[in-house]
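Engineer: Have a look at the structure that comes next, please.
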Amino acid sequence: MKHQRRVLLHSLKDLHSNYNTTALKHHAVSYRQFLRYCPFYVTQAKESDRNTCSCFDHDNFKMIVDRLCQKGILLTNSISELLGTIVCDPTNQKCMYRLCTKCCYNEVEFEGPLHDSIITWEQWERIVVTVEEKTSAKYQKIEKSGRTADLLSLLNKKLDAFTRHQFNWLHQTRSLRELKHSLLRDELCIHIDFSENYGCKLNREIQAFHFGSSRKQATIHTCVVYTGDATHTYATISGCLRHDERAVWAHLEPVKSTVNFSWISEEDIEKFDEKVPEVVPAVKGTMKLHQVISTKPATILYRDISCFCSRPAAICKCYNPSTKCVRIPEPPRLNQRGKFIVVNYEGKPFVGQIVQVVGDEIEVSCMKQLSAKNVFTWPHPPDLLFYYESDVLFMISEPEPVNSRHSQLTTEDWKNSRLKAR
């Protein structure tokens, strides 16, 4: 029998305690029996299983709790149990956001007499490093020391922000799980993320290549698509190390097909630099948002945490969603001069460049297409004509030169122009 190995994220004692808390009374078991029923493929983490993607806030809070528990000041090092002692209901948003009138002023209670002694603990911090007049920001785990009272005060100061963070994490995990289980046949949920950058190795390398900075890198973009009746996985690899939003769109292009492994060139990503506007109205508090919904062009609804209770019929009003218009203002007419467009002339698309804008009309210098191929050239004399703005089909990138006389459209622009021709 084969099973995928599962790595424990919590101690067996914590899992046993959580099981007995959530299970029915007649299903509760002893710790020894709980260990006996543990599947063989569920194992403790090894050194190779170390967590390299820990949460900054969780890890810092956990190190403080562990240190206080080690000193006997706290009875438990479980974050869930600790937060459960200061709020009425850990699943209630008002309680965890510290807005509940009953528990908003509660603080962590400490055991026994508190001695004002010196205590050390560790914290992740962002520091600025200067090397040869170049400054860069790095994260380091720093050992701190101070009075016990200072550490207790720091713990209570972090409570308000951490309880909110803890609730958002648990709520988002639960909402995503419910969404994936309730997908209809015509719906899909895409879970994407970039992997780390990998160094590319050769079978034979000279010493200067092996130890120098000549080694090339590649990034892998992983994607899981959940549908109502199946799950599909995709992976794209690229020599371009960009991880911004335009790169994400480029990596999502192959997902439309059935190819599981695709190569993304830097030119593919640069196409989305031209498609995505440089100026988009900003939405305040982006780091706090966990759900953005759009049902009509240029309008989005957003909120701090997700909810799908009214899906797919309508958008619910849970957790007070806000509305934002992100319509991009029309650029000045002067900025359109020199842009390449596709215009409609007698029902056929023509590629051209804007010469000038006069009122509601646009003077365009059109290119000549060679037969039905993706090859264009400038005619002599120039083919100049005025068009109405309604005749403009869409804007395109500047055609790429094939040789000194001929040019061609990008793959995406050529595909769109052919669709318009049909």
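The values are calculated or read from the model by the stated rules, or taken from the named source; none is laboratory data. Just so it is clear, the structure is predicted and the values come from calculations on it, not from any experiment. Positions of Cβ are backbone-derived with ideal geometry, glycine not excepted, and every protein chain shown enters the neighbour counts.
Engineer: I'd like to check which helices (runs of 4 or more DSSP H) are fully inside the stretch 1-116 and have at least 3 residues that are surrounded by 10 or more Cβ atoms within 10 Å (Cβ to Cβ), in contact with a Phe, Trp or Tyr (Cβ under 8 Å, 6 or more places away or on another chain) and in contact (Cβ under 8 Å) with a residue 12 or more places away in the chain.
Structural biologist: Ranges flagged: 12-22, 56-70.
Engineer: Something else now. Only one residue in Thr173, Thr222, Thr163, Thr130 is over 24 Å from Ser54 (Cα atoms) and either hydroxyl-bearing (Ser, Thr, Tyr) or touching a helix residue (DSSP H, G or I) at 6+ places or on another chain (Cβ under 6 Å) (or both). Which one?
Structural biologist: Result of the check over Thr173, Thr222, Thr163, Thr130: Thr130.
Engineer: Given the conditions (1) modelled with pLDDT of 90 or more; (2) assigned to a helix (DSSP H, G or I), which single one is not true for Asn156?
Structural biologist: (1)
Engineer: Looking only at residues in the stretch 302-346 that are modelled with pLDDT of 85 or more and β-branched (Val, Ile, Thr), which one is nearest to Ser397 (Cα to Cα)?
Structural biologist: So the residue we want is Ile341.
Engineer: Do you know which residues across the stretch 17-43 are in contact with a His (Cβ under 7 Å, 6 or more places away or on another chain) and of a type in the set (S, T, N, Q)?
Structural biologist: Scanning the stretch 17-43 gives no hits.
Engineer: Among the listed residues Thr120, Thr163, which satisfies the condition of being in contact with a Gly (Cβ under 9 Å, 6 or more places away or on another chain), within 17 Å of Asp59 (Cα to Cα), touching a residue at least 24 places away in the same chain (Cβ under 8 Å) and hydroxyl-bearing (Ser, Thr, Tyr)?
Structural biologist: Thr120
Engineer: Quick check: is even one residue across the stretch 131-145 outside any strand (DSSP E or B), of a type in the set (Phe, Trp, Tyr) and modelled with pLDDT of 85 or more?
Structural biologist: Within the stretch 131-145 (the criterion being outside any strand (DSSP E or B), of a type in the set (Phe, Trp, Tyr) and modelled with pLDDT of 85 or more), the answer is no, since none of the residues qualifies.
Engineer: When the residues of the stretch 158-176 are filtered to those that are aliphatic (A, V, I, L, M) and within 10 Å of Arg98 (Cβ to Cβ), which remaining residue is surrounded by the most Cβ atoms within 10 Å (Cβ to Cβ)?
Structural biologist: Among residues in the stretch 158-176 that are aliphatic (A, V, I, L, M) and within 10 Å of Arg98 (Cβ to Cβ), the one surrounded by the most Cβ atoms within 10 Å (Cβ to Cβ) is Leu159.
Residue-wise test of (1) touching a helix residue (DSSP H, G or I) at 6+ places or on another chain (Cβ under 8 Å); (2) modelled with pLDDT of 80 or more; (3) under 20 Å from Tyr234 (Cβ atoms).
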| site | (1), (2), (3) |
| --- | --- |
| Ala250 | yes, yes, yes |
| Asn260 | no, no, yes |
| Ile264 | yes, no, yes |
| Glu278 | no, no, no |
| Gly285 | no, yes, no |
| His290 | yes, yes, no |
| Ser294 | no, yes, no |
| Pro297 | no, no, no |
| Ile300 | no, yes, no |
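Engineer: Counting just the residues of the stretch 158-177 that are farther than 26 Å from Val224 by Cα and of a type in the set (D, E, K, R), which one comes out nearest to the chain's Cα centre (by Cα)?
Structural biologist: Looking at the filtered set, the residue picked out is Arg164.
Engineer: Do you know which residues across the stretch 350-377 are without any contact (Cβ under 8 Å) to a residue 40 or more places away in the chain, part of a loop (DSSP other than H, G, I, E, B) and either in contact with a His (Cβ under 8 Å, 6 or more places away or on another chain) or within 20 Å of Arg418 (Cα to Cα) (or both)?
Structural biologist: Hits for the stretch 350-377 are Leu370, Ser371, Ala372, Lys373, Val375.
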